[in-house]
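To keep things clear, I will list the structure first and then write my remarks on it.
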């Protein structure tokens, strides 16, 4: 298991004039603009171990440590604007696929659920498992939460981060995990043969055979540090920015709009979904042009495969470094052997 909490923070710098951006895989540029690929290859390149959360990635780019607890409560705060005063964990629908000697996790995006399906599942869990009042399930919009009177050990990363992996390394273990395992067993029994799952199977989709419980805790205290303007749709990130009273807004659709709204630098999370991959090349082109025109002093990029690229205007003279020496296409790997 790896986490940016275990890594030394990047050197803290003034964020004025710097754009810090989390992006889909550079492999999405395959067959695209070779000038952009060469530009990326001329930056300072490193690679961070996966999995990790976009929140951790952006904090790393900004030179902050990623020791943020109570992430479910933060996500709730970012989603609703209401400050929770109870212990809560995120409860995200997943399919745990049984394989020969292990389970394989599939995150189930909310967008693939029929209208009302999530409400039915969480109402059912409330009816079946909340009788003693010690723990309860709730759906808020397209997200699920667990509230408990006593803290429960939960997973350390979200289902989205652990998607298509063996989840054991991020699940609670040992004696402290007994309540977690018991609750998970009760959830799985309650979800078995639910009509929503029958409909999903009929539609060729994975059933919801479990919930991924992660990020448990109370809403943390503000760190008191100033954060640059943020543009994203991720409620966890929005919650952290809101907690620190730093400016944040929804992803406006383009890097150009981010620059118009915050000429002195910003942090952004480009929506990482298949329908938004076509925004990758225009976003990189806009950052390249802003750096060339001296509208930005530095661009820091954290790709979803763990590749980190830092670019400054002076890097354009690294003519000996190009995409042929740094594989930016195909599987999306960035080779930093020429650093």
Within the stretch 110-132, take every residue that is surrounded by fewer than 18 Cβ atoms within 10 Å (Cβ to Cβ) and in contact with a helix residue (DSSP H, G or I) (Cβ under 8 Å, 6 or more places away or on another chain) and give me the one that is farthest from residue 188 (Cα to Cα). 114
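Let's see how each residue does on (1) farther than 30 Å from residue 48 by Cα; (2) touching a strand residue (DSSP E or B) at 6+ places or on another chain (Cβ under 8 Å); (3) in contact (Cβ under 8 Å) with a residue 40 or more places away in the chain:
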position: 101; (1), (2), (3): no, no, no
position: 105; (1), (2), (3): no, yes, yes
position: 151; (1), (2), (3): yes, yes, yes
position: 161; (1), (2), (3): no, no, yes
position: 167; (1), (2), (3): no, yes, yes
Those residues that are surrounded by fewer than 19 Cβ atoms within 10 Å (Cβ to Cβ) and in contact with a helix residue (DSSP H, G or I) (Cβ under 9 Å, 6 or more places away or on another chain), I need them from the stretch 216-228; list them, please. 217, 218, 220, 221, 222, 223
How many residues of the stretch 146-162 are surrounded by 18 or more Cβ atoms within 10 Å (Cβ to Cβ) and either in contact with a helix residue (DSSP H, G or I) (Cβ under 6 Å, 6 or more places away or on another chain) or assigned to a loop (DSSP other than H, G, I, E, B) (or both)? The answer is 8
Just to check your reading of the model, which residue among 100, 96, 52, 59 is within 19 Å of residue 214 (Cβ to Cβ) and in a loop (DSSP other than H, G, I, E, B)? 52
In the stretch 268-280, is there at least one residue being within 30 Å of residue 141 (Cα to Cα), surrounded by fewer than 21 Cβ atoms within 10 Å (Cβ to Cβ), within 21 Å of the chain's Cα centre (by Cα) and modelled with pLDDT of 90 or more? no
Let me spell it out: the conditions are (1) buried (at least 17 other Cβ atoms within 10 Å of the Cβ); (2) in a helix (DSSP H, G or I), and residue 213 meets all of them except one. Which number is the exception? (2)
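The values are calculated or read from the model by the stated rules, or taken from the named source; none is laboratory data. Given the structure is predicted, the values throughout are model-derived calculations rather than measurements. With ideal geometry, Cβ positions are generated from the backbone for all residues, glycine too; neighbour counts draw on all protein chains shown.
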